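*Asks:* The structure that follows is given in the form of structure tokens.
Read-outs: derived from the displayed coordinates by stated rules, not from any lab. Being a predicted model, the structure only gives us computed values, none of them experimental. Here Cβ is always computed from backbone atoms with ideal geometry, including for glycine, and neighbour counts include all displayed protein chains.
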Amino acid sequence: MSGAEFLLESGVNPEGRPFVAIRWGREAGQFTPSEARAFALSVLEAAEAALHDAAFMTWLQGPPLGLDLRRAAAVLADQRQYRADLWGER
């Protein structure tokens, strides 16, 4: 990862409640365990989408389609919208 270091650490507050501390550069915060799990899932989903999008863009620009970057990006945007409309996901 480039830039600031990203750190996660488990903890328990004085009332005995669990939390996950997060630090990124000078920023810091806390998640409940369920918020941390939801955040982790969103990171995994974004990583998978990035791989899919990169492969799709490469395919659109290569043979046999050979779309230029602008058109390939427009097709990708259309595909994302179609997926969102169909399944409520991006």
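*Asks:* Using Cα atoms only, what is the angle between the long axis of helix 33-61 and the major principal axis of the chain, expressed in degrees (0 to 90) to the nearest 10?
*Replies:* 20 degrees
*Asks:* Run the numbers for residue 78 and residue 40: contour at 0.36 nm per residue of separation, minus the present Cα-Cα distance, in nm.
*Replies:* Values: separation 38, 0.36 × 38 = 13.68 nm, distance 2.68 nm.
Value of the extension gain: 11.0 nm.
*Asks:* Points 7 angstrom from Cα along the Cβ direction at residue 54 and residue 26: gap in nanometres?
*Replies:* In this crude spin-label approximation the distance works out to 3.1 nm.
*Asks:* Let me ask you something else. Helix 69-87 versus the longest principal axis of the chain: what angle, 0 to 90°, nearest 10, using Cα atoms?
*Replies:* The helix 69-87 is inclined about 60 degrees to the chain.
*Asks:* Note the full-extension length gain between residue 15 and residue 71 as 0.36 nm times their separation in residues minus their Cα-Cα distance, in nm to one decimal.
*Replies:* Numbers: separation 56, 0.36 × 56 = 20.16 nm, distance 5.57 nm.
In short, 14.6 nm is gained.
*Asks:* When the dipole is taken about the Cα centre of the chain, and only Lys, Arg (+1) and Asp, Glu (-1) are charged at their Cβ, what size is it in debye, to the nearest 20? Walk me through the intermediate numbers first.
*Replies:* Working: 9 positive and 12 negative charges, 27 e Å.
Value, rounded to 20: 140 debye.
*Asks:* Would you compute, for the Cα atoms of the chain, the largest minus smallest coordinate along each principal axis and list the three values in descending order, in whole Å?
*Replies:* The Cα atoms of the chain stretch 62, 32, 15 Å along the principal axes, largest first.
*Asks:* Per-residue ellipticity at 222 nm for the chain, helices alone: DSSP H runs ≥ 4 residues times -39500 (n - 2.57), over residue total, nearest 500 deg cm²/dmol? Display every interim value, and only then the final one.
*Replies:* Numbers: 2 runs with 48 residues, N = 90.
Per the formula, -19000 deg cm²/dmol.
*Asks:* Counting only other residues whose beta carbon sits under 15 Å from that of residue 27, what net charge do I get with K and R as +1, D and E as -1?
*Replies:* Working: positive: 23, 26; negative: 5, 9.
Once all neighbours under 15 Å are counted, the net charge is 0.
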